[in-house]
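First comes the structure, then the notes that go with it.
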Ligand code: BGC
């Protein structure tokens, strides 16, 4: 029997190194996560997605895997993973594991074997080794993290890495690579994983002949205008058809979720055709600005595009790769969203103003039908951390662009649990792999729990109502509303979001939840209300 839970689930992203540190070394771990799962149950989410915790030299925070079927000692052991799954399932939470198939770490035994083998050998055939053009690389591709996408090895050949030089791309036309990943899927499914979030799911297959490609000036590094010879090639879909069949061998509705940064929702929806993946992140929604017409447009497009292939739409505002939405939605035009922000960035908004807007956006998202993603710490209203000292930064983007792009450390700072504890309760020893701002005492979970008007209580209320009223399984009907506002009904809940500068009247009915105060019984700017 299947209940297709994923069609309406709220999925909470845990970034293991920044969630909770049981060992005290300043990096979060699996035991830390297990010990705090009851907080997530209490928040009202359905599923936990764990960013990578497999064996890795941590050059890209675990997105550089050297053993796909073991836990990195930094995060614990396979026994810790089993304990986490058991505790989560005991709390009626599902667990999704992050899988990184586009590339491995350069410390993966296969890559080490490739380096030690001859050009043209079977060992090199698992990766993308090519001859260069004289002293030049085989083509002009640039890495997503900046700099060339090719690195030369001692015998003169070059290998492709769409990301860091420590992340060589696999060759997905190689049967051994394909078979090994099917083994990895089964390994985690056998241990009880409920599915996978698939990293760079649009990148595995490259165009024949590896033609040169120069992205347009304003292209997003992970998406870009089409066609791009390394994103969204038709062949990737065959891989997911194979994986769909593997998951189908297991009980209990296991799922695949695509991280496919494609330029339109219509493109993204190709990953969730009936025999492929179950969900795909809606990056068009994440990238849309706080603008009533734009939001309405992307919501309509999403419901239409995903609906056309029989898949639920997903909704997401934050993750470990983008500026936290409690800052981003109020950023000035001067700071491009893709590059991170830091002390020299312009247009940094006032924190309270930006949070109000962020919470208004959350209250729109959690009222939409489909499945929603929450990134750890957004339920605390955490802003992006801007003043991380240069010498504490860790994102390869920062290093590969010589500090030109700040990268993603600002959304990865360990989260605060208790205002008065060392490292705000993240780690008993007070250690923290990225420094936490002093101002985070006010954001700590224990400083917000039970406090009317706190962001934490807002998330809890919205998630409870979403569940009680079946909004995830509902439908959306647009309602007329004043200019610069957005209004829709889902089931018996009416939502009004004020994206304009002036207050507007509340819709008729009882206020169920509001993302901020409602002075004089009206809905102020940057506020969303649920009425029913
Ligand atoms: C992940 C990033 C990672 C990259 C390379 C992504 O899209 O979300 O955090 O750096 O893939 O694996």
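Each reported figure results from applying straightforward, stated rules to the coordinates on display, with no laboratory input. On a predicted model such as this, the values are computed, not experimentally measured, just so you know. Positions of Cβ are backbone-derived with ideal geometry, glycine not excepted, and every protein chain shown enters the neighbour counts.
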At 222 nm, what value in deg cm²/dmol follows for the chain if DSSP H runs of at least 4 each add -39500 (n - 2.57) and the sum is divided by all its residues, to the nearest 500? -7000 deg cm²/dmol
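Using the Cα atoms of the chain to build a convex hull, what is its mean projected area in square nanometres? Before the final figure, lay out each step's value.
On the way: hull surface 93.5 nm².
Answer in nm², one decimal: 23.4.
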Along Cα→Cβ, 7 Å out, is where each label goes; now give me the distance between the ones at residue 467 and residue 131 in nm to one decimal. 6.2 nm
Two-site label geometry, residue 121 and residue 502: point separation in nm, points 7 Å out along Cα→Cβ: 7.4 nm
Tell me the angle of helix 78-90 to the major Cα principal axis of the chain, expressed in degrees between 0 and 90 and rounded to the nearest ten. 30 degrees
Work out how much length residue 4 to residue 77 would gain on full extension: take 0.36 nm times their residue separation and subtract the Cα-Cα distance, in nm to one decimal. 23.2 nm
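Give the calculated FRET efficiency between residue 308 and residue 477 to the nearest 0.05, with a Förster radius of 25 Å applied to their Cβ-Cβ distance.
Values: r = 19 Å, r/R0 = 0.76.
Once rounded, the FRET efficiency stands at 0.85.
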Extension gain, residue 89 back to residue 25 (0.36 nm per residue minus Cα-Cα distance, nm): 20.3 nm
Likely footprinting exposure, 250, 68, 15, fewest C-beta neighbours within 10 Å first: 250, 68, 15
In which sequence would 341, 45, 451 go, from the one with the fewest C-beta neighbours within 10 Å to the one with the most? 451, 45, 341
Counting other beta carbons within 10 Å of each residue's own, what order do 56, 500 fall into, fewest first? 500, 56
